[in-house]
Each structure stands twice: as structure tokens, then as C-alpha cells.
1. Among (1) modelled with pLDDT of 85 or more; (2) within 30 Å of residue 183 (Cβ to Cβ), where does residue 101 come up short?
2. For residue 13, indicate whether it is over 14 Å from the mean Cα position of the chain (by Cα), farther than 15 Å from residue 222 by Cβ, surrounded by fewer than 18 Cβ atoms within 10 Å (Cβ to Cβ) and modelled with pLDDT of 80 or more.
3. Where the second residue is at pLDDT below 75 and more than 16 Å from the ligand (Cβ to nearest atom) and the first is under 12 Å from residue 5 (Cβ atoms) and lies in segment 15-34, which pairs have Cβ atoms under 6 Å and are six or more apart or on separate chains?
4. Looking at (1) free of Cβ contacts under 8 Å to residues at least 60 places away in the same chain; (2) part of a loop (DSSP other than H, G, I, E, B), can you tell me which one residue 167 breaks?
5. For residues in segment 26-50 being within 20 Å of residue 154 (Cβ to Cβ), assigned to a loop (DSSP other than H, G, I, E, B) and in contact with a strand residue (DSSP E or B) (Cβ under 6 Å, 6 or more places away or on another chain), which is modelled with the lowest pLDDT?
6. Which ones in segment 147-162 are under 13 Å from residue 176 (Cα atoms) and out of contact with any helix residue (DSSP H, G or I) (no Cβ under 7 Å at 6 or more places or on another chain)?
7. Answer yes or no as to whether residue 60 is more than 13 Å from the ligand (Cβ to nearest atom) and farther than 30 Å from residue 162 by Cα.
Ligand SMILES: [Zn+2]
């Protein structure tokens, strides 16, 4: 069920709207079977344009992620089948839908790159195809898309846990780091942080700077594979 939000600010663009849509923090489509009960509650107020833009970004991320997950895991297998169908033109409901799937498939194939072309910054801890350890080919997921998605997760979980908007007084950053480079921060989150989980799809550990909300450190793990860290600080600090 979609939540109804009263008139107010969109969590993403921070503009005021008479009517707001409900944006699932983690898209419904990312769950191959029934959604875990608590995902229904993870909804944030978004204007229709931001909701639509994120929808497209998340559709592409889902297709890419689903090809990198453990296919032996029954939950992930369902996800892969669903994502594969979404880029199969013959599965289209009508001509327009088939065309949409065809374009999506073309975008997906463009992401395959030879190992010699992978940029150095494209190393993501715990991320990689399970079945082909020696493959010379990889799937390039643009850093920008992942960061944008990470920012949405952070803005969203802050709203869900604290009912606070991240605004221009704050600065947010999303980074991909090897655990060994940020040991102290991980230790801080592990010792004093709170955990919010939603089935196997997402786990978020947060350490909030108590007197400076919503400042804090965020450890986001998606499908137990893609890990990113986020920071919210007061602007200028
Ligand atoms: Zn918006």
C-alpha cells in the first residue's frame, strides 16, 4: 500500500508541492516474491518528477545488480529471472513495451567492458560475479548512478528514523572504500551504531552525531554484495 503524504517538501529536490507521491526507499521491483513486511513502511515523500527519475535509475541498477548476485540463493535467483525478463523484448505486453525493453537491453549490454578498460576507481569491495571468477569481462556500473542511489538511501533512512530532511545546511557524500582504509569509522558504527534491515535486500548501519542531527556515518549494504559508506556533515565543516 502506498502511503499518503500531506502537502510539503519533496525529500529529493526540497521544493514544496501540493501533492507528493510515495517513493519506496527500496523499489518494490527489487523483491522477487512477496516484499518483507517492513519494506511497506519504508516510504518517503517525493515529487512525481524525482520519483520518476529515480525509478529509471533504479530499473537500470536492478538489471546490473541482479547479474552479479549469487544465483544459488533462491531469493536472488528470482530477482535475476525477473530482471532478465525486463530486458527481453518478446516478453513485452505490447509493441511499445517491447520497444522499451529493447532499449533497456541495449543500455545493459553497453555496460559490459573488458578488464583492460575498467577504470581504477571501479573497485567495489565484495562485488563481482560469483560464477565466473576468471572472466576477463565485467559489468561496469557508473559510479555516479550508485552514488545517486546511495544519497537517496541516506536521505530516506534519515527521514524514516528521525523525520528530518537533509537540506542545504548539510553536505552529503557517498564513498566506496575498502574496509581496511576506514577501520576507525567502521569500528565506531559497529560499536555504537543502530541497524535497520529489510530482508536480504538492504542493511543500513547508522551512527548519528547525537547533538548534530542528521549528521552521521552510514554503512549501506545492498543484497549483501554492494557496499557504500555515506557521510552527512554540517556544510563548511
Ligand atoms: Zn522532487
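The values are calculated or read from the model by the stated rules, or taken from the named source; none is laboratory data. Note that the coordinates shown come from a computational prediction; the quantities given were computed from them, not determined experimentally. For neighbour counting, all protein chains shown are included, and Cβ atoms are generated from backbone atoms with ideal geometry for every residue, glycine included.
1. Of (1) modelled with pLDDT of 85 or more; (2) within 30 Å of residue 183 (Cβ to Cβ), only one is false for residue 101: (2).
2. Judged against the criteria, residue 13 is a match.
3. Within 6 Å, the pairs are 22/2.
4. (1)
5. Looking at the filtered set, the residue picked out is 26.
6. Selection gives 147, 150, 151.
7. No: the conditions fail for residue 60.
Here's the yes/no breakdown for (1) at pLDDT below 95; (2) over 21 Å from the mean Cα position of the chain (by Cα); (3) part of a helix (DSSP H, G or I):
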position	(1), (2), (3)
65	yes, no, yes
71	yes, no, no
75	yes, no, yes
81	yes, no, yes
113	yes, yes, no
